[in-house]
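The values are calculated or read from the model by the stated rules, or taken from the named source; none is laboratory data. The model shown is predicted, which means the values in this text are computed figures rather than measured ones. Backbone-built Cβ (ideal geometry, glycine too); neighbour counts: all protein chains shown.
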Amino acid sequence: MKPTTRGTLAALVAGAAAAVGAAATPAAAAGTAPLPVPLGGAESALGMELPSVRGELPLPAPGSPEGPRFTEGRLLPERAVPRLPVEGGLPGLDVRAPLAHVLGDGFDHVGVRTAPSGLRAVSPGLSVDGPLTGPGAGRAGLPELTLPELGVLTPALQTVPGADLTTGSGL
């Protein structure tokens, strides 16, 4: 094999490898996993145009919990059971359906697209304080009696969903 042929072949293989590597991004790096809905077999079996449906499922990622926080005057930490944050998202959907003309042979389309939107959730937590205070200087280092405390830290959910409705000519 001639050196020019080898060089051309090496450049072709390197270009193809770079194109395949750029196109094949892992789903974890993207944050969503594609979800195609194949309807081609149903279209050919029924002999009619069916809607095209695609979806995107976000991949949830757990965060690090907020640890207990010690404060002055309390015997137990402020958050006995910490809240666990989870980052994820709402799924996206892309639906395009053919819309036949009443008069004529042409087709239009109607489509709905919801983009995957970020979702942040925080699980509930628990805050407890015992019936004793910490050692104080006023009573020779002995703790004082107080009322026990029990608190539930509420869960939280944050997201901003959105959708687009489109119509147009052609499929």
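Is it true that some residue in region 30-37 is assigned to a helix (DSSP H, G or I), farther than 25 Å from Gly111 by Cα and modelled with pLDDT under 75?
Step one: filter region 30-37 for residues assigned to a helix (DSSP H, G or I), giving 30.
Filter once more, keeping what is farther than 25 Å from Gly111 by Cα: none.
No.
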Inset, instruction - Mind telling me which of the residues Glu56, Glu43, Glu49 ends up being within 30 Å of Leu99 (Cα to Cα), touching a Gly at 6+ places or on another chain (Cβ under 6 Å) and among the charged types (D, E, K, R)? - result: Glu56
Legend entry - Given (1) without any contact (Cβ under 8 Å) to a residue 60 or more places away in the chain; (2) assigned to a loop (DSSP other than H, G, I, E, B), index of the condition Ala45 fails: (2)
Legend entry - Among residues of region 111-138, those that are within 22 Å of Thr154 (Cβ to Cβ) and outside any strand (DSSP E or B), counted: 2
Inset, instruction - Among the numbered conditions (1) closer than 24 Å to Ala163 by Cα; (2) at pLDDT 80 or above; (3) surrounded by fewer than 15 Cβ atoms within 10 Å (Cβ to Cβ), tell me where Val95 comes up short. - result: (3)
Legend entry - Residue in region 67-77 that is modelled with pLDDT of 75 or more, assigned to a strand (DSSP E or B) and surrounded by 15 or more Cβ atoms within 10 Å (Cβ to Cβ) present: no
